[in-house]
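Step one of this worksheet: look at the structure below.
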Amino acid sequence: QVQLVESGGGLVQAGGSLRLSCAASGSIFSIYAMGWYRQAPGNKRELVATITSDGSTNYADSVKGRFTISRDNAKNTVYLQMSSLKAEDTDVYYCNARIQPSIRTGVYDYWGQGTQVTVSS
């Protein structure tokens with residue numbers, strides 16, 4: 001069974017920084033793309049940033065230049081460094097990973113439980 005466990009959310013003032021972490025554990029044969037999404041109550045979940053297994057990244061326009069996604073393949077962990085935070089960045093942030101649990105299975109999407117990021121203005 002695969003689990004994604006997030007950490008690092010919290011309350012920060014506008015202009016400040018936070019670093020989110022997400023570690024994948026359990027039965028894992030291979031991890032492909034990993035990413036971060038965010039969602040406010042009543043809104044659709046939206047992409048923040050993704051990173052492939054070879055390090056190629058993609059960002060939402062709203063976070064380009066302020067957020068940086070990275071990963072440590074040896075630790076099965078993805079990070080999101082958030083800087084110059086704005087009040088509109090307030091959301092629940094979810095980690096996502098496309099994982100092949102074993103050589104005999106397909107590739108599936110897994111999600112973390114979400115971590116709250118609140119930016120006070």
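The values are calculated or read from the model by the stated rules, or taken from the named source; none is laboratory data. Just so we're clear, the structure is a prediction, and the values are computed from it rather than from any experiment. Note that each Cβ is placed from the backbone with ideal geometry, even for glycine, and that neighbours are counted across all protein chains shown. Ligands, DNA and RNA are stripped out before the accessible areas are found, and what is left, the full protein with its side chains, is counted by its heavy atoms. Shrake-Rupley method; radii C 1.70, N 1.55, O 1.52, S 1.80 Å.
Looking at the stretch 1-55, which of the residues that are modelled with pLDDT of 95 or more, part of a loop (DSSP other than H, G, I, E, B) and among the aliphatic types (A, V, I, L, M) is farthest from TRP111 (Cα to Cα)?
Out of the qualifying residues, it is ALA14.
Just give me the residues in the stretch 61-92 being hydroxyl-bearing (Ser, Thr, Tyr) and open to solvent by 70 Å² or more (accessible area, probe 1.4 Å), in sequence order.
The one that is hydroxyl-bearing (Ser, Thr, Tyr) and open to solvent by 70 Å² or more (accessible area, probe 1.4 Å): THR68.
Can you confirm whether the stretch 109-121 contains a residue that is assigned to a strand (DSSP E or B), without any contact (Cβ under 8 Å) to a residue 40 or more places away in the chain and open to solvent by 30 Å² or more (accessible area, probe 1.4 Å)?
Among the residues of the stretch 109-121, at least one is assigned to a strand (DSSP E or B), without any contact (Cβ under 8 Å) to a residue 40 or more places away in the chain and open to solvent by 30 Å² or more (accessible area, probe 1.4 Å), which makes the answer yes.
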